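Below you'll find the structure, written out as structure tokens, and then a few comments.
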Amino acid sequence: MNQFFRTAFCITLLFTCFFNCKNESAKDNKIVSGHQRMVDMLDSIFRHANAMDYYNLNGRKAAMVRDMQEREPNVNNKYSLGFEYATQLLNAGQNESATMEYLGLIQQIGDTLFENTKLVYEMLALSYLRLGEQQNCINSHNAESCILPLQGGGIYTMKSGPENAIKVYRRILAKFPDDIQSRWLLNLAYMAIGEWPGSVPKNLLMPELIFKGHGDIRFKNVAIEAKVDTRGVSGGVCADDFDGDGSIDLFVTSYGMGDQAHFLHNNGDGTFSDKTEEANLTGIVSGLNTIHADYDNDGDQDVLILRGGWLSKGNHPNSLLRNNGDGTFTDVTIESGLLSFYPTQSADWADYDGDGWLDLFIANESAGKSFHNPCELYHNNGDGTFTNVAKDLHLDFTGFFKAVVWGDINNDQLPDLYLSNVSGENKLLVNRGGTAPTNWHFEDVSAKAGVTDPVNSFPASFFDFDNDGFEDILVTEYSFDLETEPGKPMLEEYLGKQPKGDHLRLYHNNGNETFTDVSNAYGLNTITYAMGNNYGDLDNDGWMDFYLGTGKPDLRTLMPNRMFHNAGGKRFEDISMNGFGHIQKGHGIAFCDFDNDGDQDVFAIMGGAFEGDLSNNILFENPGNANHWVTVFLEGKTCNRNAMGARIKVQVEEKGGKTRDIYVTVGTGGSFGSESLRQEIGLGAAEKISFVEVQWPKPGIQNSVYHNIAMDSAVKLTEGNPDPESVQLQKMSFKH
């Protein structure tokens, strides 16, 4: 469907829904809400979607390919369609049926393994491996499932899948010994049945050092006990106190076009309850990412769901869900003026013009000249509506943008903008101010700031990794290599080779609107295939760590999610194998103190792009440490109520009277995962807090300095009020 007809379809769909609803309303003498119109629209889009236009309608696509195959007279084409049919069955999670189809294809070629038929054997082995994952890691998951190195409860009890995969992989590797992807998957198959490393042929064994932990930071997955192990494909998470009871709740989405969003209420006793229906969310479906903020300054957190990512064509609208303050949400997308049909998975909130209301930048995805989807900047009108001013401010540029984050790189109380581009240079735009929302000026300093790489980028974050008072930039690579072995560069790195491909970038802020790439110096010259990201402080030492959700849509790319520990602002240590290396594909991530015990836990969305690449979400409980902490709630009065963009400086006194400064920024963190706006700040081995200083996110407001704040406590700091207010949080325990 070309751009004109697609746009016409979207408009027709909207107005058909509107007039049908209007006619029904006339009969019932009542008006159908914008919320119901959105529910109806999403349902119609899902029911009428052409499977060939979507990555995640694999069951429908398999049926269409099967029909094409049956009608195809050409033998070669028929075979190719048979391979595509088997692959779509595999992508749909119909692993046993896919296995039978691949076996049939191999029989047709006389069971001959050579270069041109190798891929069929690879997919057969993968279908066996996926069957084992489905039976053990997914359908019978436990706290240790899917986490590298597989051990304890992570060892499969139903072994036939990986056992058959081993036979095929060994046959492949006997003829293609340099196939590093098959070698990696062979090792995982042996690990799954508890026979690694002893039973692996020595010439095929991956080095044991790869799976070795580092240090003593080790968390446990408590998602099952906490009842947050919802299952889905890739998706987003918002973690915050949505109902004002003092405990952090979860709002999660899944990429499937008909996948229901879920609101998981924190019960305050170590468990969560699914309150989706009670929250008025039935029919609010799909969403690759989601972020939250109090856009209407009413004191509770609202949610934005982002849809259509990777689809280029764009006919799947985003949703703005207003928090009604009574445990329910209402979709106000249409009424607010945010309805559009551009494909995206990335947006961020900030008050770019300092009027006290949060504005919204949406980074859309454009693919060449065929799909021109300009970025949008929605100015908050302060009355529940928004106006797109991107064209006025020359911010309606196009690119295949996968991340957008606001951050104040020069500490002038005006938020600046960074965008990552998966098919071009990244952008850094400095906010130079203005006199009205439509004549604001942003200067593109990308090149002179030195932050355009990597060329193929994905998630990004602003965070002050070295506590020097200036926000730094982390942006990860995401190579679109077309290798037969899709994870080859990362696996070569594991083997100590110099791989082809780019690496993530850690850009240090020099304090003069330029940055220096310090990736290599900080131990981050690494390939990650990161998709999800966020940061926090695992051990309350006052230095920000970060977690990356990894993977590629290809089912063969089973690679660990990556956790990096900040060693005193001097380097980063890869501690993925300390129990964080979940093998399923990772997306939305949030560091939050879910049990109110003073340290941050980690929630992560697991699952891939395809319909059958399901996984259960995980919650890593922080076991605690000896370091101190403080939790800070900010409330703006003339600036936005969330005080999003505020910079907090905590000065602590350490042993011997030495002082140390710790910096955090109020926001939801990285570009793929949205964490609580309360700031949970580690203080290390401090003996006391000297003071807390707040730089409010609005030009002209003087910094506020607060004294007499106790360690290991929670406080609320309000703009204009010099006195800290104590906050009592109910501590709880996850059930084991």
Q. To one decimal place, what orientation-averaged projected area in nm² is obtained for the convex hull of the Cα set of segment 571-656?
A. 9.6 nm²
Q. Can you list the HN-Hα couplings for segment 582-595, worked out from phi with the Karplus curve (6.51, -1.76, 1.60; θ = phi - 60°), rounded to whole Hz and with x for Gly and Pro?
A. 4, 8, 7, 5, x, 9, x, 9, 9, 8, 7, 8, 5, 9
**Q.** For Leu495, solvent-accessible area (1.4 Å; no DNA, RNA or ligand), Å²
**A.** 40 Å²
Q | Computed Kirkwood radius, in angstrom, where 1/r is averaged over Cα pairs of segment 589-736 | A | 16.8 Å
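What FRET efficiency, computed as 1/(1 + (r/R0)^6) with R0 = 45 Å and r the Cβ-Cβ distance, is obtained for Asn525 and Val727, rounded to the nearest 0.05? Don't skip to the answer; put the middle values down first.
Numbers: r = 42 Å, r/R0 = 0.93.
The calculated FRET efficiency here is 0.60.
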Q) In percent, what relative contact order does segment 606-692 have, based on Cα pairs under 8 Å that are 6 or more apart in sequence? A) 32 percent
(Q) When only alpha-carbon atoms are used, what values of Rg and Dmax, in angstrom, describe segment 528-676? (A) 16.9, 58
Q. Counting pairs of Cα atoms in segment 436-496, how many percent are more than 15 Å apart?
A. 71 percent
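What is the mean projected area of the alpha carbon convex hull for segment 436-561, to one decimal in square nanometres? It would help to have the intermediate numbers written out before the result.
Working: hull surface 42.0 nm².
Directional mean of the projected Cα hull area for segment 436-561 stands at 10.5 nm².
May I ask you to rank Tyr295, Tyr494 by accessible area, largest first, using a 1.4 Å probe over the protein chains only?
Working: Tyr295 10, Tyr494 50 Å².
Descending order: Tyr494, Tyr295.
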Q | 5 Å binning of all Cα-Cα separations within segment 493-536, expressed as whole percents from 0 upward | A | 5, 17, 21, 25, 18, 9, 3, 1
Q. To the nearest µm²/s, what D does Stokes-Einstein give for the chain at 10 °C and 1.306 mPa s, using the Kirkwood radius over alpha carbon pairs as Rh?
A. 60 µm²/s
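At a threshold of 8 angstrom on Cα-Cα distance, excluding pairs fewer than six apart, so keeping six or more, what relative contact order does the chain reach in percent?
Over the chain, the number comes to 13 percent.
Within the P(r) computed for segment 178-285, what percentage of the Cα pairs occupies the region above 21 Å? Numbers along the way, then the final one.
Values: 3335 of 5778 pairs.
Roughly 58 percent, once rounded to a whole number.
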Q.
Please compute the length gained on full extension between Asp392 and Thr282, using 0.36 nm multiplied by the number of residues separating them and subtracting their Cα-Cα distance.
A. 35.9 nm
Q. Given the protein chains as shown and a 1.4 Å probe, how many square angstrom of Val32 are accessible, to the nearest 10?
A. 40 Å²
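Given N residues in segment 154-228, what is its alpha carbon radius of gyration divided by 2.2 N^0.38 Å?
Working: Rg = 15.2 Å, N = 75, 2.2 N^0.38 = 11.3 Å.
The reported ratio for this selection is 1.34.
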(Q) No solvent, one uniform scatterer per C-alpha: report log10 I(q)/I(0) for segment 366-486 via the Debye equation at q = 0.21 1/Å, two decimals. (A) -1.28
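Relative to 2.2 N^0.38 Å, what does the C-alpha radius of gyration of segment 463-536 come to as a ratio? Two decimals please. Show your work: numbers first, answer last.
On the way: Rg = 14.2 Å, N = 74, 2.2 N^0.38 = 11.3 Å.
Ratio of Cα Rg to 2.2 N^0.38 Å: 1.26.
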**Q.** Accessible surface, 1.4 Å probe, highest first, among residues Arg60, Arg231
**A.** Arg231, Arg60
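In segment 505-595, which trypsin sites (Lys or Arg not before Pro) are in a loop and have at most 13 other Cβ atoms within 10 Å, using DSSP for the loop call?
When the trypsin sites (Lys or Arg not before Pro) of segment 505-595 are filtered for loop state and at most 13 Cβ neighbours within 10 Å, Lys570 remain.
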(Q) Taking all protein chains in place and a 1.4 Å probe, what share, in percent, of the accessible surface of segment 573-623 do carbon and sulfur account for? (A) 48 percent
Q. Mind listing the Cα extents of segment 41-103 along all three principal axes, in Å, largest one first?
A. 41, 26, 14
Q | Whole-number percent relative contact order across segment 68-193, with pairs defined as alpha carbons under 8 Å at least 6 apart | A | 20 percent
Q. Each residue of segment 378-383 in turn: what ³J(HN,Hα) in whole Hz from Karplus with 6.51, -1.76, 1.60 and θ = phi - 60°, glycine and Pro shown as x?
A. 9, 7, 7, 7, x, 10
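Just the projected area, averaged over all directions, of the convex hull on the alpha carbon atoms of segment 309-441: how many nm²? Walk me through the numbers before you get to the answer.
Numbers: hull surface 34.6 nm².
The Cα convex hull of segment 309-441, projected and averaged over all directions, gives 8.6 nm².
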**Q.** Percent of Cα pairs exceeding the 17 Å cut-off, where the set is segment 502-570
**A.** 51 percent
(Q) Can you give me the long-range amide H partners of Phe463? Hydrogens built in the peptide plane at 1.01 Å from N, cutoff under 5 Å, separation of 5 or more residues or another chain. (A) Asp472, Ile473, Leu474
Q) Can you pull the three principal axis extents for the Cα set of segment 637-680, in Å, largest first? A) 39, 29, 12
Q: Would you kindly derive the ³J(HN,Hα) couplings of segment 697-704 from the backbone phi angles with the Karplus curve 6.51 cos²θ - 1.76 cosθ + 1.60 (θ = phi - 60°), listing them in order in whole Hz, with x for Gly and Pro?
A: x, 7, x, x, 7, 6, 4, 9
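With a 1.4 Å probe and all protein chains left in place, how much accessible area per residue does the chain have, in Å²?
Details: 26610 Å² over 736 residues.
It amounts to 36 Å² per residue over the chain.
Calculate, in nm to one decimal, what Lys369 and Asp383 gain on full extension: separation in residues at 0.36 nm each, minus their alpha carbon distance. Don't jump to the answer; show the numbers that get you there.
Values: separation 14, 0.36 × 14 = 5.04 nm, distance 3.66 nm.
Contour length minus Cα-Cα distance gives 1.4 nm.
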Q. Any idea what the dipole of the chain comes to, in debye rounded to 20, about its Cα centre with Lys/Arg Cβ at +1 and Asp/Glu Cβ at -1?
A. 2460 debye
Q: Throw me the Rg/Rh for segment 36-160, computed over C-alpha atoms with Kirkwood Rh, two decimals.
A: 1.08
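Can you give the helix-only mean residue ellipticity at 222 nm for the chain, where every DSSP H stretch with n ≥ 4 adds -39500 (n - 2.57) and the sum goes over all residues, rounded to the nearest 500 deg cm²/dmol? It would help to have the intermediate numbers written out before the result.
Details: 12 runs with 149 residues, N = 736.
Taken over the chain, the calculation gives -6500 deg cm²/dmol.
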Q. Per the 1.4 Å probe, what fraction of the accessible area of segment 344-503, in percent, lies on carbon and sulfur atoms?
A. 48 percent
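Using only C-alpha atoms and all pairs of different ones, pull out the Kirkwood radius for segment 694-736 in Å with one decimal.
Numbers: mean 1/r = 0.0784 Å⁻¹.
Over segment 694-736, the inverse of the mean reciprocal pair distance is 12.8 Å.
The values are calculated or read from the model by the stated rules, or taken from the named source; none is laboratory data. Everything numeric in this text was worked out from a predicted model, so none of it was measured. As a convention, Cβ positions derive from the backbone with ideal geometry for all residues, glycine included, and neighbour counts pool all protein chains shown. Calculation scope for accessible area: heavy atoms of the full protein, side chains included, ligands and nucleic acids excluded. Shrake-Rupley method; radii C 1.70, N 1.55, O 1.52, S 1.80 Å.
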